[in-house]
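The structure appears below as structure tokens.
The values are calculated or read from the model by the stated rules, or taken from the named source; none is laboratory data. A quick note: this is a predicted structure, and the numbers were derived from the prediction, not measured. Backbone-built Cβ (ideal geometry, glycine too); neighbour counts: all protein chains shown. Ligands, DNA and RNA are excluded from the accessible area calculation, which covers all protein heavy atoms including side chains. Shrake-Rupley method; radii C 1.70, N 1.55, O 1.52, S 1.80 Å.
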Amino acid sequence: MVASDGLAAARVVVGVSGSLGSLTALSRAAEEARRRQAQLWPVLAWEPPGGDVAARRNPAPSVLVDEWQRLARERLLTALDDVFGDAGPGVGMHALVARGTPGLALVEIADRESDLLVVGAGRRSAWHRACSRSAGRYCLAHAGCPVLAVPPSPLESELAAVHRRNAWRLRLDTRELNRRLRTG
């Protein structure tokens with residue numbers, strides 16, 4: 001992929017998983033690609049159940065691997081449709097499905113100094129930082145290009161609050177919602 005003047009086209013690489021955070025990052029990456037007149041490279045990384053280590057010990061039949069690959073492609077296309085719809089991102093796009101851990105796959109794809117790697121910042125609680133691997137943290141530590149960590153959408157925290165309220169079977173106080181809508 002070479003631009004008309006012989007230079008490699010500028011790229012904005014973004015990690016996509018289908019989560020609200022990754023959809024927010026995808027939207028921001030498209031804005032950055034338009035602003036920079038760059039190509040948008042949405043990437044969905046996937047691993048077999050149990051990870052690649054388990055897959056090497058007990059290889060899955062190729063039919064299963066093909067099905068996992070198809071499901072990953074389908075999830076990426078759904079995410080692109082959710083964010084852009086029929087209008088598209090407004091820039092050239094090269095969507096990829098990569099096998100591997102998300103952080104490593106993103107760092108390997110965004111391998112040029114001129115690339116911009118966009119990732120969702122993920123959940124900010126100490127519990128989630130301690131108990132889960134973060135592709136964003138991996139990218140910040142290992143990327144050879146600038147990394148933009150996009151904070152979660154405010155909608156995501158609101159949805160989490162509603163989910164907690166529903167899980168505890170608490171009543172929803174609509175007066176509080178009305179007050180927030182008027183002030184915010």
Can you list residues from other chains, or at least 5 along the same chain, whose modelled amide H is less than 5 Å from the amide H of A98? L44, A45, W46
So if we plug the beta-carbon distance of R165 and S19 into 1/(1 + (r/R0)^6) with R0 = 30 Å, what FRET efficiency do we get, rounded to 0.05? 0.90
Dividing the helical contributions, -39500 (n - 2.57) per DSSP H run of n ≥ 4, by the residues of the chain yields a 222 nm value, nearest 500 deg cm²/dmol, of -15500 deg cm²/dmol
Estimated Rh, the chain: Kirkwood, alpha-carbon pairs, angstrom: 18.3
Points 7 angstrom from Cα along the Cβ direction at R75 and R182: gap in nanometres? 4.3
Taking R112, R75, R169 and ranking on accessible area (1.4 Å, protein atoms only), highest first, one gets R169, R75, R112
Heavy-atom accessible area per residue, the chain, 1.4 Å probe: how many Å²? 65
Quick one: compute a quarter of the convex hull surface over the Cα atoms of segment 27-84 and quote it in nm². 5.0
Counting DSSP beta bridges with both partners in the chain, what percentage is antiparallel, nearest 5? 5
Charge dipole magnitude, Cβ of K and R +1, D and E -1 - segment 41-124, Cα centre, debye nearest 20: 340
Once the dipole of the chain is set up with Lys and Arg at +1 and Asp and Glu at -1 on Cβ about the Cα centre, which of P152, S22, V118 lies farthest towards its positive end? P152
Give me the percent of accessible area attributable to carbon and sulfur for the chain, probe 1.4 angstrom. 54
Per-residue SASA entry for S17, accessible area with 1.4 Å probe, Å² rounded to 10: 50
To the nearest 0.05, how large is the calculated FRET efficiency for R34 and E108 if R₀ is 30 Å and r is the Cβ-Cβ distance? 0.75
Heavy-atom accessible area of E74, protein chains in place, probe 1.4 angstrom, given in Å² to nearest 10, is 90
Only Lys, Arg (+1) and Asp, Glu (-1) charged, at Cβ; the chain dipole about Cα centre in debye: 1000
I need the peptides 135-142, 60-67 ranked by packing, meaning the mean over residues of other C-beta atoms within 10 angstrom, with the highest value on top. 135-142, 60-67
